[in-house]
Structure formats: C-alpha cells, structure tokens
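Encoded as structure tokens, the structure appears first; notes follow it.
The values are calculated or read from the model by the stated rules, or taken from the named source; none is laboratory data. In this text the structure is predicted, and so the values were computed from the model without any measurement. Please note: Cβ atoms are built from the backbone with ideal geometry, for glycine as well, and neighbour counts cover all protein chains shown. Each accessible area value is taken on the protein alone, full model and side chains, heavy atoms only, with ligands, DNA and RNA left out. Shrake-Rupley method; radii C 1.70, N 1.55, O 1.52, S 1.80 Å.
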Amino acid sequence: MANREDQSSHKPATQIVTGGRRKEWTEAVVNPPVWRASTHLYDSVADLRAGIGNNEDGRFFYGRRGSPTQWSLAEALTEMEPGAVGTMLYPSGVAAIACAMLAILKPGDEILLTDSSYDPSRNYADAFLKPMGITARYYDPLIGADIGALLTDKTKAILLESPGSLTFEVQDIPAICAMAKEARIVTFLDNTWATSRFFPALEHGVDISIVAATKYIVGHSDVMMGAATTHERYWTRLRRTAQQLGQVVSPDDAYLAARGLRTLEVRLKQHEQSALTVAHWLKDRPEVGQVLHPALAGCPGHDIWKRDFKGSSGLFSFELSQGDEKSRAAFIDALTLFGIGYSWGGFESLALPVDPGKYRTATDWMMTGALVRLHIGLEDPDDLIADLAKAFEHYNSVL
Ligand SMILES: Cc1ncc(COP(=O)(O)O)c(C=O)c1O
C-alpha cells in the first residue's frame, strides 16, 4: 500500500480492495485495526494547541472526529467515487440524508424531492424541515429536464433517488443536474441501490451522493451506517455540519463496514445475476403483472438505466395480477427462504409488501395489483425460484 497516489488509475474492483488501506493506518496487518478511543493523549500542551488549529481527518484530535478505523473507511468510499474529495460517515442512512440537507438548507429555502423518495426522507422534509421554514415540494421522478419549470428563486436543493426503492423509476439524473447547476441549486442523490460501483454519481452531475451503507456497503445486515460523498465545493460545509451535529460512527461499526466493503464487487455481481434470473422467471408467471426492475424493458426509465448505469443490484418489485392484501400476505407468509423484514443489501433474501400509493403526492400510483418487493440475496437462485413457485401455489389456493 505504498503509493496511494496511484489508486485512481485502478479499476473499480481493485479500488474496493485497496481503498483507504494506508500503511500508517494498517501498520503490519491487512485491515486497519479497531481504534476504540474518545481521548487522544497529546505529548505536550504545544502538541495539543497544534491539534486545535489543524484538525483535518487523518490526525487524531478527539474521538468525535474519528480514528484511523473510520478515516480509512471514509477514504475508501471517496476513492470509489470519481470526482470526490471526501466522505462523511453517519450512524444511519437517514442521518446521512438529514445532515447533508442541513448542511445546505436554511430557513426560507425550498427543496424539491422526487415523489419516489424513501418515505423517511419525505417525513424528514415534511415533519422536520417545514417547521424550520424550509419548504418541500415533490416532483414526478420521470420529469427530466422539465424540472426547470418548477425551479424558483427559493429552490436551493433537489433530492433524487434513482431508482426509487419501492417503485424503481430510473431518473434522468444528468438532465436534472444540468438544470440545477445552471440555477446554482445543490443536488443530492440517494444512491443506495446502485452504489458508486454501478452509478458514479458525481460524474453524472450530482453534488452530494448519499448511501445507506447499512445495505450493500456493510452487506451483512449487522450494522447501521450512512455516508455522504461530495466534491470540493461542498466538502467543508458537509464536514463542518456533521461535526456541529455531533455525528460519529463507532470504530467497531466502521471496521465491520470496511470488512463488508472489501467483497462488494463479487457480492454486487452475484446479486445482479441472481436478481435478473428471478425477475425474468417472475415475468413469465401467470400470477404476475408488471415486474419493476430497472434492467427489464417496461420499467419506467429503463432506457436511462441502460444509458447511465453499469449494472443492477438485487432489489426490485413485482405486481400480483390478482388478489388483495390478504392473498399477498398469504403469498409472502408461504415463503421459507425469504425473510420478512425491512432493509436490504445483506447476503440474505427478503420479501416485503409495499404500497407506494400511500406516499405519493405529486403523481398518482397507477398500478392496481398488490406490490411485493424482493431483495435477492446470495442463495442459489434455483432454490429461491422453487420457494417462490411453492408460495404461488399457496397464493392460488387462497384466491
Ligand atoms: C433507499 C433508502 N435510502 C435510505 C435508507 C435509510 O437507511 P438507514 O436504514 O440506514 O437509515 C433506506 C433504508 O431502508 C433505503 O431503502
């Protein structure tokens, strides 16, 4: 790990493995150890004073500013995102979204959010930002460059989420970001589904790329974490606000997240392949209406996905062509290999009933069938398909 300057010339799989593993942090081992520390002991008062004036990451200051365990993970995420200068880590994906927005917005401002936003992002805007005098308006995820017509003098930020994590519309991010840039509006992207591996966000015009690291970065369903990565222009503000809000992740969690990260390349590729196998199988089932998977024709924004993305991950939804809440529950309950639970991005498969119509305000949700969201894990897809086939048998028996 001697020549860190060379890292940017490497291919993504290499960067995922080598990122952030500076010699001064790893010393004689492969992984930067867990530095559990609140207090850092200085050699002298002069040394302490020097620390105050110079508290950039990569130098000990105080536990809230992290240690090599957290700095190494943050640096790895920065190295994976072309155009980025830094990454802040947060104790959850929602904390990353909330703190990144607070770094940019002030009373009197307005933020536009895609109508496909993750529900807690909407809730944060409506229930927390609004009482602070920051208004939130929602827009059609498929709006593209027409977003220009919605921008006013008050609009200071736009939240994108592509694809939406329930409904999977792929947004025209370059078109939206170009309009935003012209008007000096900051763009945030919830890039949890693709990660920088499948969608290098800053290269496509995004200012601040956010992931719920809880999902694919950690990859093992055992840690909550969020990350926001940005370029030169917003880095100082993002970092300062996170520090003012006391955001810090534990070194133990950072260690686990970094351990997960090192296998991201192989995991994502397997999630991609298995999810495509299952999605194609579902598409031909008589019980299934539409399959909402960005890599399948018919998914809103599929052509944009083909143009902009380098791959697809393991999360998608499908519509049951008949039946109601009860038969959907019977289908999900009959699955044995799919857990029923929130979150996704771990090694295991999950199934969830989802009702996007409940959250929409700017667009109508037109699909009439009950929707099921699947996360396809790392089990053999043949077994997952057999499990789904059995659950369809049960579903047909209760219709
Ligand atoms: C798309 C998306 N963004 C953000 C989050 C929030 O992440 P966390 O659960 O780590 O707060 C989630 C969690 O499910 C999500 O699905």
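Peptide packing: for 119-129, 188-198, the average count of neighbouring Cβ atoms within 10 Å per residue gives the ranking 188-198, 119-129, highest mean first.
Given axes a ≥ b ≥ c from the Cα gyration tensor, I'd like to know whether the stretch 1-139 is rounded (a/c under 1.5), prolate (a/b larger than b/c) or oblate. Oblate. Within the stretch 125-251, count lysine pairs with alpha carbon atoms under 22 angstrom apart where the residues are 8 or more positions apart or belong to different chains. Lysine pair count for the stretch 125-251: 4. Protection proxy ranking for 64-74, 29-39, 206-216, using the average of other Cβ atoms within 10 Å per residue and placing the highest first: 206-216, 64-74, 29-39. Among the protein heavy atoms of the chain, carbon and sulfur supply 53% of the accessible surface, probe 1.4 Å, non-protein parts ignored.
Note that the stretch 380-385 has calculated 3J(HN,Hα) couplings of 5, x, 4, 5, 5, 5 Hz, one per residue in order, obtained from phi through the Karplus relation 6.51 cos²θ - 1.76 cosθ + 1.60 (θ = phi - 60°); glycine and proline are x.
Spin-label model, THR18 to ARG64: label points 7 Å out along the Cα-to-beta-carbon direction sit 3.7 nm apart. For the pair GLN243 and ALA389, the difference between a 0.36 nm per residue extended length and the Cα-Cα distance amounts to 47.5 nm.
Extension gain for ASP324-TYR342 works out to 4.4 nm (0.36 nm per residue, less the C-alpha to C-alpha distance). For the chain, take the longest principal axis of its alpha carbons; what is the angle in degrees between that and the long axis of helix 68-79, to the nearest 10 within 0 to 90? So the helix axis and the longest Cα principal axis differ by about 60 degrees.
Return the tail of the calculated pair distribution for the stretch 276-347, meaning the percent of Cα-Cα pairs more than 18 Å apart. Of the Cα pairs, 49 percent sit more than 18 Å apart. With no solvent and one equal point scatterer per Cα, compute the Debye intensity ratio I(q)/I(0) for the stretch 9-261 at 0.07, 0.10, 0.16 Å⁻¹ and report its log10, rounded to two decimals. Evaluating at q = 0.07, 0.10, 0.16 Å⁻¹ gives log10 I(q)/I(0) of -0.24, -0.48, -1.15. Over the chain, average the accessible area per residue using a 1.4 Å probe and give it in Å², no decimals. Counting only protein heavy atoms, the per-residue value for the chain is 43 Å².
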